[in-house]
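**Student:** To start, I am sharing the structure in question, which I have written as structure tokens.
All of the numbers you see were taken from the coordinates with simple rules; none came from a lab. Since the structure is predicted, the reported quantities are computational estimates derived from the model, not experimental observations. With ideal geometry, Cβ positions are generated from the backbone for all residues, glycine too; neighbour counts draw on all protein chains shown.
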Amino acid sequence: MTDWQTQVRLLWWSQLIAIAAMEMSEPFWPLFLRQLQPAQDPQALAFWSALIYGAPLLVSGLAAPVWGRLGDRFGHKPMVLRAMLGLMLSQALLFFSSSLWEVLIYRLLQGALAGIITAALCFATAIAPAERRASVVGKLTSATAAGAILGPLAGGALVEWLDYRAIFLSSAAVCLVLTLLLAWKLTGDNRSAPRNASADMPAEPAVQKPVPVLGLLLTVILLLQIAKAMPSSFFALFAEQQLGATPLLTGLLFSSAGVGMMLSASRWGRLFDRRPPASGLLLLSWLTLAAAGCYLAHLYSDWLPLLLIRFGWGVCLGAMLPMVQASLIRLADSPRNGRLIGTAQGTIRFGNLFGVAGGALLMGQWGYQAGFIGASLGYLLASGALLLAWSRLNRTVDAPTRSSPLRGRQTTDFEKAAEGRG
């Protein structure tokens with residue numbers, strides 16, 4: 001195993017454990033907030049739960065591009081350590097919180113300082129060979145999915161045996177150990193600055209001047225995350241009221257998508273590394289249509305077929321967002337991807353906010369059916385945007401005049417322009 005592969009494996013395990021530690025508290029925010037202020041009425045409790053859940057997403061959406069750009073300038077290892085320390089600090093402060101306002105402030109701090117997914121992705125794509133980056137993105141995505149599955153289970157066990165504050169203390173301790181391990185074992189990335197750069201090379205990355213295809217892919221990322229997040233605000237109620245599901249069965253239905261995503265993401269990455277970019281975008285368009293069909297099937301399924309449908313949806317998830325991000329990095333063809341990855345991750349955060357809010361609005365006004373139809377429409381729009389990007393990318397293909405770093409395809413006018421900008 002080469003050195004960069006060892007580093008990616010270390011990042012994979014660290015990200016899985018960190019995400020699991022962070023996700024331990026996610027299902028239990030309303031219960032913890034009710035414990036802090038038992039006199040809260042249900043409407044106020046729902047408001048505070050939404051605020052404390054959504055506030056870090058907004059802040060991290062704004063902070064992610066900044067941290068990515070700093071990583072390009074100073075190296076991505078400091079950003080990985082900063083993210084892990086930020087998560088450790090915020091979780092430790094939450095352990096000592098005594099009011100709803102304190103919880104909100106500490107969650108905002110978490111959104112500003114943490115962001116381990118962005119930091120790990122920037123580091124890994126900086127050290128990986130260009131022809132293996134899709135595999136790396138898929139691999140790290142599988143770590144996120146696994147952590148999101150394991151975290152709530154561990155959090156539930158801690159609440160059952162101890163109390164809610166034990167979640168925060170355990171999470172802080174885990175993140176402190178991970179920070180020390182990464183500081184010791186993680187090497188500095190030497191690709192944060194362009195190799196063989198000439199003296200007159202501009203300091204800004206190639207993505208400083210965006211092109212239509214990159215803009216379309218960022219739009220796709222926003223639409224995909226909106227569609228993914230829409231049902232999350234009402235899925236538990238849908239399972240309980242429409243399917244008669246118990247809490248255990250609801251958990252199984254919810255996590256089956258994560259299992260599909262975890263098992264498929266790395267495999268999708270290896271497949272996309274072998275495909276030309278335009279072909280990859282076309283495949284993503286078809287997978288997005290399949291995801292829309294999975295959402296519509298929610299409305300006409302009992303719990304057992306829905307378990308399989310959500311697993312299939314998770315398999316689609318393993319390709320969609322990760323491989324759109326990989327295509328974005330691949331087409332930018334820049335040695336400084338931190339800002340681009342940070343922008344993509346910020347777009348994901350905003351999409352999550354819009355999706356949760358939109359799903360709650362649709363469900364509140366017109367019921368579960370409207371929520372799933374709205375999410376399916378988001379996938380249909382994303383599929384159309386992917387087809388448009390595929391068409392534009394095909395139109396830029398010219399006869400090859402040089403060897404391309406991307407195997408099995410011709411050199412595009414976009415890449416020639418990117419090379420000219422450095």
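**Student:** Expressed in nm to one decimal, what extension gain is obtained for the pair L296 and D3 from 0.36 nm per residue of sequence separation less their Cα-Cα distance?
**Tutor:** On the way: separation 293, 0.36 × 293 = 105.48 nm, distance 4.50 nm.
This chain segment gains 101.0 nm when fully extended.
**Student:** Over all distinct Cα pairs, what is the inverse of the mean 1/r for segment 1-189, reported as the Kirkwood hydrodynamic radius in Å?
**Tutor:** Numbers: mean 1/r = 0.0587 Å⁻¹.
Final number for the Kirkwood radius of segment 1-189 is 17.0 Å.
**Student:** With θ taken as phi - 60° and the coefficients 6.51, -1.76 and 1.60, list the Karplus ³J(HN,Hα) couplings across segment 215-230 in order, rounded to whole Hz; mark glycine and proline as x.
**Tutor:** Per residue, the Karplus-derived 3J(HN,Hα) values read x, 5, 5, 5, 5, 4, 4, 4, 5, 4, 6, 4, 5, 5, 7, 3 Hz.
**Student:** While we're looking at this one, here's another question. Arrange the following residues from fewest to most other Cβ atoms within 10 Å of their Cβ: V356, V137, V213.
**Tutor:** Values: V356 21, V137 31, V213 24.
Listing V356, V137, V213 from fewest to most nearby Cβ atoms yields V356, V213, V137.
**Student:** For a bin width of 10 Å, list the pair-distance distribution of segment 218-264 built from all Cα-Cα distances, rounded to whole %.
**Tutor:** Bins of 10 Å from zero give 24, 42, 28, 6 percent of pairs.
**Student:** A further question follows. Using a 7 Å offset from the Cα along the Cα-to-Cβ direction at both E26 and R267, what is the distance between the two label points in nm, to one decimal?
**Tutor:** Between E26 and R267, the simple spin-label model gives 2.3 nm.
**Student:** Quick one: which of 118-127, 216-225, 147-156 comes out on top by average Cβ neighbours within 10 Å, and what's the full order, highest first? Working shown, then result.
**Tutor:** Values: 118-127: 27.9, 216-225: 23.6, 147-156: 20.3.
Ranking the peptides 118-127, 216-225, 147-156 by packing returns 118-127, 216-225, 147-156.
**Student:** Mind listing the phi-derived Karplus ³J(HN,Hα) values for segment 296-304, rounded to whole Hz, using 6.51, -1.76 and 1.60 with θ = phi - 60°, and x for any glycine or proline?
**Tutor:** Working through the residues one at a time gives 5, 5, 4, 6, 10, 10, 7, 5, 5 Hz.
**Student:** With a point put 7 Å past each Cα toward its Cβ, work out how far A357 is from L104 in nm, to one decimal.
**Tutor:** 1.6
**Student:** I've got another one for you. How do the peptides 90-97, 303-310 rank, highest first, by the average count of neighbouring beta carbon atoms within 10 Å per residue? Before the final figure, lay out each step's value.
**Tutor:** Numbers: 90-97: 19.2, 303-310: 16.9.
Going from most to least packed, we get 90-97, 303-310.
**Student:** Output ³J(HN,Hα) for segment 284-292: one whole-Hz value per residue in order, computed from phi by the Karplus curve 6.51 cos²θ - 1.76 cosθ + 1.60 with θ = phi - 60°, and x for Gly and Pro.
**Tutor:** Ordered by residue, 3J(HN,Hα) equals 4, 4, 5, 5, 5, 4, 5, 5, 4 Hz.
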